[in-house]
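What follows is a single structure, written as C-alpha cells, with notes after it.
The values are calculated or read from the model by the stated rules, or taken from the named source; none is laboratory data. Keep in mind that what you see is a predicted model, and the values were worked out from it rather than measured. All Cβ positions, glycine included, derive from the backbone under ideal geometry; neighbour counts span all protein chains shown.
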Amino acid sequence: MDYREEILYICGRIKALRKANRLTVQELAYRCDMERSNLSRIEAGRTNLTLKTLCIICNALGVGLRDVVR
C-alpha cells in the first residue's frame, strides 16, 4: 500500500468513527477546536494531516491512535 492509500484509509476511519459516535462534522470539529471545513478536508483526504491533529481527533472521538490506523 502506498502512502496515499494509507492516508485515505486513515481519513476514512476518522469519518467512520465519527459516524459510529453519531457526531456531525460540526460537532467533532467543535470538540477538536477546529473549523468544520478543515475537518471536512481531513475526512476527504484533501489535506495533509499532522500527527498532532490526528491525536486531537482521536482524543475527541475517545479512541486510541491504534484504532484509527489499523
Could you check region 32-50 and list, in sequence order, the residues that are modelled with pLDDT of 95 or more and surrounded by 16 or more Cβ atoms within 10 Å (Cβ to Cβ)?
Cys32, Met34, Leu39, Ile42, Glu43
For Leu23, only one of the following conditions fails: (1) outside any helix (DSSP H, G or I); (2) under 10 Å from the mean Cα position of the chain (by Cα). What is its number?
(2)
Quick check on my filter: what residues within region 26-48 are in a loop (DSSP other than H, G, I, E, B) and either under 16 Å from Asn59 (Cβ atoms) or touching a His at 6+ places or on another chain (Cβ under 6 Å) (or both)?
Asp33, Met34
